[in-house]
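Here the structure is laid out as structure tokens; the discussion comes afterwards.
The values are calculated or read from the model by the stated rules, or taken from the named source; none is laboratory data. Keep in mind the model is a prediction, meaning the values are calculated, not measured. Virtual Cβ from ideal backbone geometry, glycine too; neighbours counted across all protein chains shown. What goes into the accessible areas is simple: the full protein's heavy atoms, side chains included, and nothing from ligands, DNA or RNA. Shrake-Rupley method; radii C 1.70, N 1.55, O 1.52, S 1.80 Å.
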Amino acid sequence: MKEITWTSDLSVGIELIDEQHKMLIKHLNDLSQSLKSGQGPAKIATTLNFMIDYTNFHFTAEVKHMAENGYPELENHKKMHEEFKTTLANMEEDLEEEGATQLLADSIDTLLVKWLFEHIRTIDVTFGRFLKEKGVEILQED
């Protein structure tokens, strides 16, 4: 898997969300690099655990702002987040059972990367547009 770089089409136009997305991409790159370089399962597990924790943190922040601003697609968005969290949990289970395999690396590439990019470019950008139309700016978490 090649390194993922932040591009303008990933920007939702809301500072807090963009910064959190950049952090997710950074750690996804770290996880990919750990797998590619054959680092020990402990390093890979640590990075995957961070991804799980940070994803939960990010999704909680997004849902909070959706609820506070009356976002009409909140429930659908929450379902998508749950699917992603299930995918991460399955990868964690695969790592524990089988170690850092090529199949896990491929799963990260196909499932995580593609899901995250598609989700940001379509679903999250729509949410960002909704907030901007309401005149809402979210600069930092309170």
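Can you quote the Å³ per residue value for the convex hull of the Cα atoms in the stretch 8-69, rounded to an integer? Provide the component values of the computation, followed by the final result.
Numbers: hull volume 4.3 nm³, N = 62.
Spelled out: Cα convex hull of the stretch 8-69, divided by residues, is 69 Å³.
Probe of 1.4 angstrom, ligands and nucleic acids ignored: what's the accessible area per residue over the chain, in square angstrom?
Values: 7690 Å² over 142 residues.
Value returned for the chain: 54 Å² of accessible area per residue.
From the cross-link list Lys43/Lys85; Lys36/Lys78; Lys22/Lys85; Lys36/Lys132, which pairs have alpha carbons spaced over 30 Å apart? Please list the in-between numbers first.
Working: Lys43/Lys85 20 Å; Lys36/Lys78 32 Å; Lys22/Lys85 18 Å; Lys36/Lys132 39 Å.
Among Lys43/Lys85; Lys36/Lys78; Lys22/Lys85; Lys36/Lys132, the Cα-Cα distance tops 30 Å for Lys36/Lys78; Lys36/Lys132.
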The stretch 1-107: chymotrypsin sites (Phe, Trp or Tyr not before Pro) in DSSP loop, at most 16 other beta carbons within 10 Å = Trp6
Enter the accessible area of Glu73 (Å², nearest 10), with the probe set to 1.4 Å and all protein chains included.
-> 90 Å²
Fully extended contour minus Cα-Cα distance, from Ser37 to Asp94, at 0.36 nm per residue = 18.7 nm
Labelled set (1) 1.02; (2) 0.99; (3) 1.04; Rg/Rh (Cα atoms, Kirkwood Rh) computed from this model equals the value at (2)
Carbon/sulfur fraction of accessible area - the chain, other protein chains in place, 1.4 Å, % = 51 percent
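Ranked from the most accessible area to the least, with a 1.4 Å probe and all protein chains present, what is the order of Ser107, Ser34, Ser8?
On the way: Ser107 25, Ser34 0, Ser8 105 Å².
Result, largest first: Ser8, Ser107, Ser34.
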Taking every Cα atom in the stretch 44-104, find the radius of gyration and the maximum pairwise distance Dmax, and write them in Å.
-> 14.2, 43
To the nearest 500 deg cm²/dmol, what mean residue ellipticity at 222 nm is calculated for the chain from DSSP H runs of n ≥ 4 alone, each contributing -39,500 (n - 2.57), summed and divided by the residues?
-> -22000 deg cm²/dmol
Applying 1/(1 + (r/R0)^6) with R0 = 41 Å to the Cβ-Cβ distance of Met23 and Leu103, what FRET efficiency is obtained, to the nearest 0.05?
-> 0.95
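Kindly provide the Kirkwood hydrodynamic radius of the stretch 61-142 in Å, to one decimal, from all pairs of distinct alpha carbon atoms.
Details: mean 1/r = 0.0690 Å⁻¹.
By the Kirkwood definition, the hydrodynamic radius is 14.5 Å.
Just need the relative contact order of the chain here, percent rounded to a whole number, with Cα pairs under 8 Å and 6+ apart. Write down the numbers at each step before the final one.
On the way: 112 pairs, mean separation 60.5, N = 142.
Worked out over the chain, it gives 43 percent.
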